[in-house]
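Here the structure is laid out as structure tokens; the discussion comes afterwards.
The values are calculated or read from the model by the stated rules, or taken from the named source; none is laboratory data. Remember, it's a predicted structure, so these values are computed and weren't measured experimentally. Positions of Cβ are backbone-derived with ideal geometry, glycine not excepted, and every protein chain shown enters the neighbour counts. Heavy atoms of the whole protein, side chains included, go into the accessibility calculation; ligands, DNA and RNA do not. Shrake-Rupley method; radii C 1.70, N 1.55, O 1.52, S 1.80 Å.
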Amino acid sequence: MKIMFMGTPEFSLSTLDALKEAGYSVDAIITQPDKPKNRGQKMSHPPVYDYAVENNINVYQPENLKKENFENILTDVDPDIIIVTAYGKILPEYVLNYPKYGCINVHASLLPKYRGAAPIQWSIINGEKVTGVTIMYMEKGLDTGDMILKEEVEITPVDTYETLHDKLALVGKKAIKDALVLIENGKVTAQKQDDALSNYAHMIDKNTARIDWSKTANDINNLVRGLNPFPKAMTTYNGKLLKITETEVLDLKSSCECGIVFEVEKDAICVSCGNATSLRLKTIQLEGKKMMKVKDFLVGNKIDIGTKLGE
């Protein structure tokens with residue numbers, strides 16, 4: 001079975017590892033063009049590109065998948081199946097219809113919930129207790145195709161985007177192996193998605209990351225976990241950006257206005273939130289400084305009780 005793989009970020013690597021472990025040969029890898037990265041804005045290869053080079057697999061980086069840019073690559077490789085994991089672009093119909101076994105996607109949620117670009121983050125932000133991986137056939141709609149199989153993953157109260165990402169990557173390895181066995185043996189019993197149960201996990205932006213202190217402490221804690229380690233939940237302190245990566249919900253009612261620092265402990269800053277709830281800030285990064293535990297931050301910095309965050 002000739003395989004073309006399409007993917008871009010680190011999450012995609014688990015699928016490539018699974019294919020290698022199962023003895024499949026990947027004939028070509030398609031990934032996104034290089035992009036500027038970090039403060040120096042130096043052009044950088046996607047993780048999948050580096051994997052292709054290390055494993056001597058032909059790799060292509062088309063600007064887009066229009067026929068004039070991609071059809072020749074597709075016909076030259078002539079894949080029996082296209083496997084997609086977080087590629088980052090919608091596949092046009094001529095690509096979807098090309099392979100004998102179709103195009104299948106490894107998606108990091110239990111579809112039809114959390115279709116779209118950021119399913120891992122939103123599952124935590126929205127307080128879900130369970131998520132998972134879905135292997136699905138691809139069609140014209142965004143993550144709307146028939147499902148081949150699903151594997152569940154528990155979201156614990158301390159999971160962050162990083163830890164849940166790693167859990168899902170491991171589960172995805174097993175799921176893609178199982179799905180390919182079903183496909184090769186003609187034993188797929190595909191299940192249609194119920195569109196009425198779907199919601200859209202849109203891309204994370206600065207507005208998503210900005211903390212609204214009128215929300216409950218639990219909601220803000222979920223936001224912090226869902227955006228750790230990137231892009232990080234944020235607020236402002238004395239006009240400077242303050243990023244927050246670790247918090248704890250306090251079992252303490254606060255009568256203060258939302259966003260007010262009402263107590264400063266030796267290792268935490270306590271802030272009032274919506275519905276009289278309160279939150280401990282444990283790891284923070286003030287603009288111009290490194291990320292650090294609050295106890296270390298307070299050694300050289302003072303935060304006054306009564307200070308309002310977010311202004």
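Simple spin-label estimate for Lys266 and Asn301 gives 2.1 nm between the two label positions (7 Å along the Cα-to-Cβ direction from each Cα).
For the chain, a Kirkwood hydrodynamic radius built from all Cα pairs, placed in the Stokes-Einstein relation at 10 °C and 1.306 mPa s, yields a translational diffusion coefficient of 75 µm²/s. A Förster distance of 25 Å, applied to the separation of the beta-carbon atoms of Val53 and Asp78, puts the FRET efficiency at 0.65. Under the simplified labelling scheme, the Asp212-Lys67 pair shows an inter-label distance of 4.6 nm, with each label point 7 Å from Cα along Cα→Cβ.
Could you pull out the pairs from Lys42/Lys140; Lys35/Lys150; Lys2/Lys174 whose alpha carbons sit more than 23 Å apart here? Result: Lys42/Lys140; Lys35/Lys150 exceed 23 Å. First measure r as the distance between the Cβ atoms of Asp205 and Asn185, then evaluate 1/(1 + (r/R0)^6) with R0 = 35 Å and state the FRET efficiency to the nearest 0.05. Calculated transfer efficiency: 0.20.
Rounded if a/c is under 1.5, else prolate if a/b is larger than b/c, else oblate: which is the range 156-294, with a ≥ b ≥ c the root eigenvalues of its Cα gyration tensor? Here the range 156-294 falls in the prolate category.
Could you work out what % of the accessible surface of the chain is carbon and sulfur, using a 1.4 angstrom probe and leaving DNA, RNA and ligands out of the count?
Within the chain, the accessible surface is 48 percent carbon and sulfur.
For the range 37-129, the gyration tensor built on C-alpha atoms gives an oblate shape. Its axis ratio a/c (a ≥ b ≥ c) is at least 1.5, and a/b is not larger than b/c.
Taking the inverse of the mean reciprocal distance over all distinct Cα pairs, the Kirkwood hydrodynamic radius of the range 60-180 comes to 15.2 Å. Peptide packing: for 91-99, 288-296, 28-36, the average count of neighbouring Cβ atoms within 10 Å per residue gives the ranking 28-36, 91-99, 288-296, highest mean first.
Farthest towards the positive end of the charge dipole of the range 203-311, among the residues Val299, Gly274, Ala217, is the Cα of Val299, using unit charges on the Cβ of Lys, Arg, Asp and Glu.
Antiparallel beta bridges, as assigned by DSSP with both residues in the chain, represent about 70 percent of the total such bridges. Principal axis extents of the Cα atoms in the range 215-311, from largest to smallest and rounded to whole angstrom, are 32, 28, 23.
Which aspartates and glutamates, if any, have their Cα less than 14 Å from the Cα of Lys177, not counting same-chain residues under 8 positions apart? Partners found: Asp17, Glu21, Glu151.
Per residue, the accessible area of the chain comes to 50 Å², computed with a 1.4 Å probe over protein heavy atoms only.
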